[in-house]
Amino acid sequence: MQSHYSKEEILNLDKKYIWHPAAQMSDYEDFPPVAVTKGEGAYLYTPDGKKILDIISSWWCNLLGHCQKDIVKSLCDQASELEHVIFANFTHPYATSLCERLVKILPSGLCRFNFADNGSSAVEMSLKIAFQYQRQIGKTQKQKFACLTEGYHGETIGALSVGSMDLYNKIYKPMMMDNIHIKAPDCFRCPYGKKRDNCDCPCIKDAYETFEKYGECLAALIVEPLLQGAAGMRIYPVKYLQALKALCVKHKVLLIADEIATGFGRTGEMFACTKASISPDIMVLSKAITGGFMPMSVVCTTEEIYAAFLGSYESGKAFMHSHTYAGNPLACACANAVLDVLKRDDILQKAKLLAPVVNRLFKETFMDIENVGEVRQIGLINAIELVKDRESKEAFSPSCRLGYKIYQSALSQGLLLRPIGDVLYFNPPLNIELADIKKALNIARNAITGELAKLS
């Protein structure tokens with residue numbers, strides 16, 4: 001349906017009713033939200049016809065761009081067949097076919113699936129599965145969880161408890177579980193003076209020490225594999241993830257891979273764990289799985305974990321966790337369509353070929369700016385970290401709100417960035433055209449240099 005509201009009417013109603021996520025609403029007094037009524041490919045459209053290049057895939061969801069025609073058709077066709085059915089003791093071919101297809105592309109051993117409707121809920125589910133599993137195999141002392149510092153896994157209480165960013169969880173700490181935090185690698189500010197691409201990961205020392213001390217009481221370790229998104233698009237070496245997996249095996253700790261942000265080709269392979277040649281015990285998927293069309297998440301586990309929950313009704317081993325919209329047929333139809341397009345159009349291979357070209361253009365566009373500390377890349381994701389001083393890597397004061405001001409400037413020029421502090425990143429649709437990448441780079445450079453000039 002076409003909106004019959006004008007831009008002004010939408011904004012007035014928004015101001016009257018809406019409480020936006022991840023925002024200080026007082027900011028919107030001077031910089032109101034952008035009204036959007038249409039999306040197509042890499043672009044969003046406002047009611048007055050303005051085009052905005054969405055270079056972040058609207059929080060990393062729109063894997064194939066907005067309103068991709070094959071997904072649209074699958075969703076519409078599904079809506080006329082079955083829109084929803086209770087998933088407790090009912091099933092349907094749209095979920096079963098999706099699971100059958102996922103088994104073929106997931107790391108080996110992941111073959112059982114539990115459905116939810118968002119990433120935080122799926123993380124919550126994965127923690128409960130890990131806890132209950134350890135209990136039901138007789139490891140009742142394994143009750144705690146480990147995570148990496150600066151990690152982010154969502155914003156329900158359990159998910160916050162295995163996160164490590166004060167921005168999101170500080171105020172809620174009295175409500176949160178007491179978990180164990182392992183110092184995460186920060187390759188840009190490496191305390192060992194190493195380089196990301198040829199590093200033997202001496203920073204794994206903290207993980208070794210943590211597991212030696214707490215291994216007996218750990219139920220699971222949860223990580224964002226290879227890419228810590230909310231930490232500022234921190235990219236760490238494959239060897240580090242492999243070492244974490246080895247530690248988990250040695251200490252009989254489950255490895256939960258949170259691939260909500262990294263799954264479905266974002267890192268250059270179908271999954272980040274595939275890139276590292278490891279198989280986690282539990283994998284969490286969301287965001288790109290439906291191409292941004294429908295809310296859905298999936299928790300993938302092994303047959304061994306699944307078997308620990310089998311028993312008589314009286315045994316109390318069942319996993320009593322449910323979501324109203326679990327296994328929603330509309331979401332499953334979208335996910336199946338995403339897999340169809342990825343395969344038919346050889347999207348991942350094309351993205352792999354485009355990735356080094358984009359990274360070269362990134363370096364050519366930004367590295368001559370003295371306040372660009374680093375350009376980092378994994379797959380088609382590229383990020384630049386702005387610093388007050390390149391040599392010392394001193395950060396700008398948060399009070400400058402440099403990233404936010406660059407976001408405002410870029411948006412005024414028709415580019416949607418969503419900086420994480422002073423880290424600016426591109427996380428575009430995998431099928432984006434090179435011309436749109438170049439356009440985004442030019443706007444981003446103009447916005448960066450313009451705002452830096454105001455600070456000098």
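The values are calculated or read from the model by the stated rules, or taken from the named source; none is laboratory data. It should be emphasised that the depicted structure is a prediction, and the values quoted were computed from it without experimental measurement. Cβ atoms come from the backbone with ideal geometry, glycine included; neighbour counts cover every protein chain shown.
When 288, 243, 335 are screened for being within 30 Å of residue 373 (Cα to Cα) and either buried (at least 24 other Cβ atoms within 10 Å of the Cβ) or among the aromatic types (Phe, Trp, Tyr) (or both), only 288 passes. Being over 20 Å from residue 262 (Cβ atoms) and not assigned by TED's automatic domain parsing to the domain that holds residue 251 is a property that residue 53 has.
Of all residues in the stretch 1-17, those satisfying the criterion of being surrounded by 11 or more Cβ atoms within 10 Å (Cβ to Cβ) and out of contact with any Ser or Thr (no Cβ under 8 Å at 6 or more places or on another chain) are 5, 6, 8, 9, 11, 12, 13, 14, 15.
Of all residues in the stretch 430-442, those satisfying the criterion of being assigned to a helix (DSSP H, G or I) and farther than 16 Å from residue 44 by Cα are 434, 435, 438, 441, 442.
Looking only at the stretch 255-275, residues that are within 23 Å of residue 165 (Cβ to Cβ) and outside any loop (DSSP other than H, G, I, E, B) come to 6 in all.
Looking at the stretch 300-324, I want the residues that are basic (Lys, Arg) and have a partner that is part of a loop (DSSP other than H, G, I, E, B) with Cβ atoms under 9 Å, at least 6 apart or on another chain. Which pairs are those? Short answer, once both residue conditions are applied: 317/308; 317/309; 317/310; 317/311.
Residue count for the stretch 213-233 under the criterion of being within 17 Å of residue 160 (Cα to Cα) and either free of Cβ contacts under 8 Å to residues at least 24 places away in the same chain or of a type in the set (Val, Ile, Thr) (or both): the result is 2.
Just wondering, is there one or more residues in the stretch 381-403 that are within 16 Å of residue 443 (Cβ to Cβ) and surrounded by fewer than 19 Cβ atoms within 10 Å (Cβ to Cβ)? No, because not a single residue in the stretch 381-403 is within 16 Å of residue 443 (Cβ to Cβ) and surrounded by fewer than 19 Cβ atoms within 10 Å (Cβ to Cβ). Each residue in the stretch 383-440 was checked for being within 24 Å of residue 351 (Cα to Cα) and aromatic (Phe, Trp, Tyr), and 2 of them qualify. Residue 82 meets the conditions (1) of a type in the set (A, V, I, L, M); (2) in a loop (DSSP other than H, G, I, E, B); (3) buried (at least 24 other Cβ atoms within 10 Å of the Cβ) in every case but one. The failed one is (3). Look at (1) hydroxyl-bearing (Ser, Thr, Tyr); (2) without any contact (Cβ under 8 Å) to a residue 24 or more places away in the chain; (3) surrounded by 12 or more Cβ atoms within 10 Å (Cβ to Cβ) and you find that residue 37 fails only one, number (2). Would a scan of the stretch 141-159 turn up a residue that is of a type outside the set (D, E, K, R) and more than 26 Å from residue 301 (Cα to Cα)? No; the residues of the stretch 141-159 include none that is of a type outside the set (D, E, K, R) and more than 26 Å from residue 301 (Cα to Cα). For the stretch 201-253, the tally of residues that are closer than 23 Å to residue 381 by Cα and assigned to a helix (DSSP H, G or I) stands at 5.
For the stretch 353-391, the candidate set comprises residues that are small (Gly, Ala, Ser) and within 17 Å of residue 403 (Cα to Cα); within that set, the residue that is farthest from the chain's Cα centre (by Cα) is 373.
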